[in-house]
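Each remark here refers to the structure printed beneath this line.
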Amino acid sequence: MNKKEALSKARSLCARQEQCRQDILLKLSKWDIGESDAEQILEILEQEGFIDHLRYTKSFAVDKFKFNKWGRIKIRWMLRQKEIPEDLIESAISQIDEDEYESLLRAELQKKIKTLKSKSEAEKKSKLVQFATQRGFEYEIIYKVANKLS
């Protein structure tokens, strides 16, 4: 694939779904586009507004929270993996409503309780905490919500 075709294909990808530099760079690498050509394509995409890290970060955080039911820790970690600047990550994380956040965690823990086959309350609570931490929720909120459920 040549540079022009790669740029066209990358524009198409970005038009369908928010992408970050890292995502497009991986695609360009898979398409055997050289490093200098890839950098030029990324610059063009950013200038044309196809890649916008602020927009991407906010969209990513909201989507992963609402649809994947991830906590702030996991969202933050995944955005760092994509080399998003820390200030943009914090801005996106702050968009998550605190009441909605706690409510989602409560609903997820209530669903999880129904599937647990624990003998003791301590074991049940331990499994709930483990489940919620794997989803990326903070310990303080997990304990607060788990104690209300018990």
Residues of segment 30-75 satisfying the condition of being in contact (Cβ under 8 Å) with a residue 60 or more places away in the chain and assigned to a helix (DSSP H, G or I): Arg72, Ile73, Lys74, Ile75
Only one of Lys66, Lys74, Lys30, Lys58 that is loosely packed, with under 15 Cβ neighbours inside 10 Å, within 17 Å of Glu100 (Cβ to Cβ) and not β-branched (Val, Ile, Thr): Lys66
Leu105 vs. criteria modelled with pLDDT under 95, part of a helix (DSSP H, G or I) and over 27 Å from Asp52 (Cβ atoms): no
Residue among Ile142, Ile44, Ile89 that alone is of a type in the set (Val, Ile, Thr), over 26 Å from Arg16 (Cα atoms) and in contact with a Leu (Cβ under 9 Å, 6 or more places away or on another chain): Ile142
Residue among Ser126, Ser118 that alone is surrounded by 13 or more Cβ atoms within 10 Å (Cβ to Cβ), modelled with pLDDT under 95 and part of a loop (DSSP other than H, G, I, E, B): Ser118
When residues of segment 77-102 are limited to those that are exposed (fewer than 14 other Cβ atoms within 10 Å of the Cβ) and in a loop (DSSP other than H, G, I, E, B), the one modelled with the lowest pLDDT: Gln95
Single residue of segment 1-27 satisfying the filter (among the polar types (S, T, N, Q) and not in a helix (DSSP H, G or I)) that is surrounded by the most Cβ atoms within 10 Å (Cβ to Cβ): Gln19
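The values are calculated or read from the model by the stated rules, or taken from the named source; none is laboratory data. Keep in mind the model is a prediction, meaning the values are calculated, not measured. A quick note on method: Cβ atoms are made from the backbone with ideal geometry, for glycine too, and the neighbour counts reach across all protein chains shown.
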